[in-house]
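Only one structure is covered here, and it is reproduced in the block below.
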Amino acid sequence: MTRLVLLHGIGQQVKGPQTLLADWYPALADGVTLAGGTLERQEVAMGFYGDLFRPVRHRGLGEPDLDASDIEDGLERDLLLAWWEAAAQEESQVPGPDAAARIRTPYLIQRALDALSHSAFFAGLGERLLISDAGQVRRYFTEPDLRAAIRTRFLHALTDRTEVIVAHSLGTVVAYEALCAHPELPDLTLITLGSPLAVRGLILDRLVPAPHGGLGRWPAPVKRWTNLADQGDVVALAKELAPVFGARVTDVLVHNGAKAHDVRPYLTARETGHAIAVALGGTAGRH
């Protein structure tokens, strides 16, 4: 009965598919209802892989004891610095990389973490969680077995009734790569929320299949692709996907308030609901 599959992003390692679906479904239903459509819970499934990032045999309390020294050079470092620069551009209370005098420690990564602690975008995320999130992105791209296992989890959530995929954050990368690898899948609508897919240097150039001439390949099973981004979403550093993946992508800006990357305001947006309702053949409101 699954007509729509949801796919989450980073930071879900201590949850599960039903827990996450219970959290996401009300927002999803609200967005579809605002657009004049309907979507029953039994028509929705969660593609879940968060447990694959869950620490094994961790003896400490809370999150693993991570600090700035645990940030690896390369993708983790560059990702954290990109988040810092973007947050500083969007929020006046976040000191930028050039505001060294306002930050006590000269250590670059610690400076970035200190600066991000002032960001409304990252409100509620402690230093350890920020480091853990950057590490999950790095692990996806550098650990082939993990990458394959995550993609397999997503593919197992699809059925012959699935018509729509709604993916958030790193989940948009997972969905894109899996769909490119399986052109035999039936026609699907892809809806990406807060996607980093078009971020050159950090994400785009690490995709499989690799971009050609700076352009990404169109995933063959996808007949319609809508990408939604909030202007203040620091993770979706490149707000538009059409310049990279082709004019067939419909890019839409939405306003999520202070929680620009949170999946729930993305899901409650009328624009998201419209894209889903149209894909499912329901009556949609104005776009």
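The values are calculated or read from the model by the stated rules, or taken from the named source; none is laboratory data. If you're wondering where the values come from, they're calculated on a predicted model, not measured in any experiment. Virtual Cβ from ideal backbone geometry, glycine too; neighbours counted across all protein chains shown.
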| field | Residue check, ARG217 assigned to a loop (DSSP other than H, G, I, E, B) and either closer than 20 Å to ASP133 by Cα or free of Cβ contacts under 8 Å to residues at least 24 places away in the same chain (or both) | value | no
| From the list GLY213, GLY257, GLY232, which one is touching a Pro at 6+ places or on another chain (Cβ under 9 Å) and not assigned by TED's automatic domain parsing to the domain that holds LEU116? | GLY257
| said: I want to confirm something. Restricting to the stretch 183-215 and keeping residues that are under 23 Å from ALA275 (Cβ atoms) and touching a Lys or Arg at 6+ places or on another chain (Cβ under 6 Å), which single residue is surrounded by the fewest Cβ atoms within 10 Å (Cβ to Cβ)? | reply: ASP187
| query | If you scan the stretch 180-214, which residues turn out to be small (Gly, Ala, Ser), in a loop (DSSP other than H, G, I, E, B) and on the phi < 0 side of the Ramachandran plot? | reply | SER195, ALA198, ALA210
| request: Being charged (D, E, K, R) and under 15 Å from the mean Cα position of the chain (by Cα) is the filter; apply it to the stretch 217-252 and report the residue that is surrounded by the fewest Cβ atoms within 10 Å (Cβ to Cβ). | output: GLU240
| Out of the stretch 256-271, which residues are out of contact with any Phe, Trp or Tyr (no Cβ under 9 Å at 6 or more places or on another chain) and modelled with pLDDT under 95? | GLY257, ASP262
| message | I'd like to verify a number: residues in the stretch 246-282 that are of a type in the set (Asp, Glu) and within 28 Å of ARG217 (Cβ to Cβ), how many? | response | 2
| message | If ARG161 satisfies all but one of (1) crowded, with 16+ Cβ neighbours inside 10 Å; (2) touching a Ser or Thr at 6+ places or on another chain (Cβ under 7 Å); (3) not hydroxyl-bearing (Ser, Thr, Tyr), what's the number of the condition it fails? | response | (1)
